[in-house]
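Only one structure is covered here, and it is reproduced in the block below.
The values are calculated or read from the model by the stated rules, or taken from the named source; none is laboratory data. Note that this is a predicted model, so its numbers are computed, not measured. Using ideal geometry, Cβ is built from the backbone for each residue, glycine included, and neighbour counts are taken over all protein chains shown.
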2 protein chains.
Amino acid sequence: MKVSVGVSNRHVHLNNDDYKLLFGDAPLTKRNDLTQPNTFASELTVTITGSKRSIENVRVLGPNRSYTQVEISRTDAYTLGVNPPVRNSGEVSDADVITIIGPNGELTKKAAIIAARHIHVDKKIREEKGLVGISKVSVRIPGEKSGIIDNVYLKDSDEAYFELHLDTDDANALLLKHDDELEIIK
Amino acid sequence: MKVSVGVSNRHVHLNNDDYKLLFGDAPLTKRNDLTQPNTFASELTVTITGSKRSIENVRVLGPNRSYTQVEISRTDAYTLGVNPPVRNSGEVSDADVITIIGPNGELTKKAAIIAARHIHVDKKIREEKGLVGISKVSVRIPGEKSGIIDNVYLKDSDEAYFELHLDTDDANALLLKHDDELEIIK
């Protein structure tokens with residue numbers, strides 16, 4: 001079974017309170033839709049800061065969520081001077097502390113994670129693809145830097161676009177690009 | 001069979017002519033020994049430039065070789081605006097064009113590669129480890145971003161330290177650090 005690749009660059013999700021602290025009353029205006037239904041890249045960016053350095057122009061995604069989360073690669077983590085765990089989205093209880101700076105204010109909290117490899121699914125996709133009851137799969141990597149990647153979690157939402165999300169470290173190490181088609185190993 | 005990891009950051013090897021062009025009569029002074037016998041990181045650095053940007057402070061390794069080669073990660077390649085192939089050391093005939101700038105001059109030539117994953121061996125190691133006649137192996141990756149990496153080439157030299165060399169993209173994507181011990185799959 002094939003799945004297409006979506007490469008996730010570093011980005012930020014905010015809860016409503018943190019959004020207000022960082023951006024005040026400015027609206028979360030859409031720049032472009034993302035592949036997952038009802039999600040978008042906004043016009044807004046923040047600066048993120050660790051113990052060593054900052055990275056500017058980190059995109060805020062929308063809509064806001066119930067938790068604030070900064071998704072970065074391990075390469076970014078070394079640049080910033082933070083040590084985030086590999087976690088599924090929303091698992092921020094032991095995320096690393098990071099500072100987020102917006103035009104209206106800044107905050108420092110446990111929000112930095114390296115996103116676990118994951119495939120977006122919904123009930124219909126699980127039934128169609130024979131993935132009911134499965135929590136994670138492996139994926140075969142072709143090419144000169146071939147291999148197999150494990151711990152690819154199936155991430156459920158009400159309505160999903162069937163896609164494998166990898167961060168820029170995985171994509172660059174494995175020579176993958178957006179829309180590459182890979183084989184799932186159940 | 002276990003092998004320890006050595007993480008290779010971006011670096012440059014120079015031939016004698018290119019060295020002279022970049023550094024004139026300055027000596028290739030050693031900063032520190034590397035793990036492979038008779039190799040060292042020098043005190044010298046260059047700037048490398050592609051179509052988009054430059055990266056400064058790229059370490060020159062010694063001793064000089066018969067060919068000039070710039071080993072970078074795919075992440076570096078995107079930063080610079082070059083498109084190097086994945087190649088074993090010395091296979092620079094179809095390397096991408098890159099500019100190297102030293103204190104005494106600069107040159108632009110086919111020198112940029114992404115180093116293929118490789119394990120340093122010599123005749124004695126091959127015999128001891130049962131690796132005689134084998135050109136490449138796979139390696140098992142443990143942990144939260146586990147899997148298997150293929151196309152790990154055995155690289156022969158007269159005298160080697162048995163070590164798996166990965167670039168920073170592989171190391172960061174796979175959460176590996178210098179001296180981690182990994183299992184070889186023959």
**Fill in**
The number of residues in segment A:37-71 that are within 21 Å of A:V5 (Cβ to Cβ) and touching a Ser or Thr at 6+ places or on another chain (Cβ under 7 Å) is 3
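Please work out if B:V132 is more than 14 Å from every other protein chain (Cβ to nearest Cβ), more than 25 Å from B:D33 (Cα to Cα), out of contact with any strand residue (DSSP E or B) (no Cβ under 8 Å at 6 or more places or on another chain) and surrounded by fewer than 18 Cβ atoms within 10 Å (Cβ to Cβ).
Numbers: more than 14 Å from every other protein chain (Cβ to nearest Cβ): yes; more than 25 Å from B:D33 (Cα to Cα): yes; out of contact with any strand residue (DSSP E or B) (no Cβ under 8 Å at 6 or more places or on another chain): yes; surrounded by fewer than 18 Cβ atoms within 10 Å (Cβ to Cβ): yes.
So B:V132 fits the description; yes.
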**Message:** Just checking, does segment B:123-136 include any residue being in contact (Cβ under 8 Å) with a residue 24 or more places away in the chain and among the hydroxyl-bearing types (S, T, Y)?
**Reply:** no
**Prompt:** Do we find that A:G133 is farther than 19 Å from A:S66 by Cα, touching a helix residue (DSSP H, G or I) at 6+ places or on another chain (Cβ under 7 Å) and at pLDDT 95 or above in this structure?
**Reply:** no
**Asked** If you scan segment A:136-166, which residues turn out to be in contact with a strand residue (DSSP E or B) (Cβ under 7 Å, 6 or more places away or on another chain), more than 8 Å from chain B (Cβ to nearest Cβ) and closer than 22 Å to B:V82 by Cα?
**Response** none
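Yes or no: B:L174 of a type in the set (A, V, I, L, M), in contact with a strand residue (DSSP E or B) (Cβ under 8 Å, 6 or more places away or on another chain) and more than 14 Å from chain A (Cβ to nearest Cβ)?
On the way: of a type in the set (A, V, I, L, M): yes; in contact with a strand residue (DSSP E or B) (Cβ under 8 Å, 6 or more places away or on another chain): yes; more than 14 Å from chain A (Cβ to nearest Cβ): no.
When the stated conditions are applied, B:L174 does not pass them.
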